[in-house]
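Report on the following structure.
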Amino acid sequence: MGRTIAFIGLGNMGAPMAGNLVRAGHAVRGLDPSAAARDAAAARGVTPVETVEAAVDGADAVLTMLPDGALVRRVWAQIAAAVAPGTVVIDSSTIDVDSALAAHAMLEDKGCPTLDAPVSGGTGGAEAGTLTFMAGGSDAALAAGTPILEPMAGRVVPCGGPGAGQAAKVCNNMLLGISMIGAAEAFALGERLGLAHQALFDVISTSSGQCWSVNTYCPVPGPVPASPANDGYRPGFATALMLKDLRLAQAAAASRGAQIPLGAEAAQLYGLFESLGHGDTDFSGIFEFLRGRTG
Ligand code: NAD
């Protein structure tokens, strides 16, 4: 049965996600300060509203998809002031674990089921409704929130209590950043040793070095036709977004006393790559930097 859902943050991810909720038969109200974002969402059947209060009034569920933790805290404080008890509230932004915990706490008194449910799958997954949601929250919140997420999801993975979704996301993306640098270094070294990219791919992809960064998203042109390396390193997943996630990993490690020396090194390298003007380049383009072919 169609429900009324408030969607706050209608950017590159939010607009297509909201559109998939409309397609599933829900009445979706959308809020975004950007007129272009509101118009794009309206073209997908979302009804634009002007305030948080108007968005959440009488809504069965509220979703936020915002750039950072400070904004999520600000918007969730507004939601907490306006929302009816029992409304399901979900944040799918990628933010720091401490902001996610603070957001959950804001709605505890209202008896609202809350989830931190960041996603992987990018804008392609948002369009196709095949995102992986990493969900953190109580069992009751997971039961209440999963049907809301399903029209946008390939999978909803329960990760544990409040904050666990963001924790899983930051660990996964830190590993991805590190493994892509490892893959790029291997291909750059292989090249200097006279190895053809295809020959090295044929070995690594079937040997102990195999990983997603090689097998599915190979950073050199040729072996994996769909990888951004074959398209001038057009994202895909932009270096600036990878850097954001690596910085979240550093903040998380600092606040909990974890040692992540390779995560820190990866943040340094992507930071350098970005400062050379490659923030909009796919993160696998770090291969060009490591082989010394980029300014
Ligand atoms: P985006 O910048 O395209 O969209 C964010 C939107 O939030 C913008 O339209 C902005 O106007 C809006 N906004 C800002 N302040 C607001 C407010 N107070 N109320 C309502 N809306 C407000 O970003 P995006 O690519 O859609 O990413 C959103 C989140 O998803 C980020 O946390 C990002 O890290 C995460 N994410 C992005 C990708 C990706 O591939 N783009 C993949 C996974 C996760």
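If you check E127, E108 for being among the acidic types (D, E), surrounded by fewer than 22 Cβ atoms within 10 Å (Cβ to Cβ) and closer than 20 Å to A27 by Cα, only one passes: E127. A single entry from G163, G129, G154 fulfils the requirement of being more than 15 Å from the ligand (Cβ to nearest atom), in contact with a strand residue (DSSP E or B) (Cβ under 9 Å, 6 or more places away or on another chain) and either of a type in the set (S, T, Y) or modelled with pLDDT of 95 or more (or both): G163. Which one is farthest from the ligand (Cβ to nearest atom), of the residues in region 94-118 that are out of contact with any strand residue (DSSP E or B) (no Cβ under 7 Å at 6 or more places or on another chain) and not in a helix (DSSP H, G or I)? The residue in question is G111. Identify, from the list G136, G165, G145, the residue that is farther than 21 Å from G236 by Cα, within 12 Å of the chain's Cα centre (by Cα) and open to solvent by less than 10 Å² (accessible area, probe 1.4 Å). Among G136, G165, G145, only G165 is farther than 21 Å from G236 by Cα, within 12 Å of the chain's Cα centre (by Cα) and open to solvent by less than 10 Å² (accessible area, probe 1.4 Å). For region 4-22, does any single residue satisfy the condition of being within 13 Å of the ligand (Cβ to nearest atom) and either more than 21 Å from the chain's Cα centre (by Cα) or β-branched (V, I, T) (or both)? Scanning region 4-22 turns up at least one residue that is within 13 Å of the ligand (Cβ to nearest atom) and either more than 21 Å from the chain's Cα centre (by Cα) or β-branched (V, I, T) (or both).
Would you confirm, using the coordinates I've provided, whether F283 is open to solvent by 20 Å² or more (accessible area, probe 1.4 Å), under 17 Å from the mean Cα position of the chain (by Cα) and among the aromatic types (F, W, Y)?
On the way: open to solvent by 20 Å² or more (accessible area, probe 1.4 Å): no; under 17 Å from the mean Cα position of the chain (by Cα): yes; among the aromatic types (F, W, Y): yes.
Considered against the rule, which asks whether it is open to solvent by 20 Å² or more (accessible area, probe 1.4 Å), under 17 Å from the mean Cα position of the chain (by Cα) and among the aromatic types (F, W, Y), F283 comes out as no.
A single member of R256, R234 is in contact with a helix residue (DSSP H, G or I) (Cβ under 7 Å, 6 or more places away or on another chain) and surrounded by fewer than 18 Cβ atoms within 10 Å (Cβ to Cβ), and it is R234.
The values are calculated or read from the model by the stated rules, or taken from the named source; none is laboratory data. The structure displayed is predicted, hence computed values, not measured ones. Positions of Cβ are generated from backbone atoms using ideal geometry, with glycine treated the same way; all protein chains shown enter the neighbour counts. Surface areas here come from the heavy atoms of the whole protein model, side chains and all, with no ligands, DNA or RNA. Shrake-Rupley method; radii C 1.70, N 1.55, O 1.52, S 1.80 Å.
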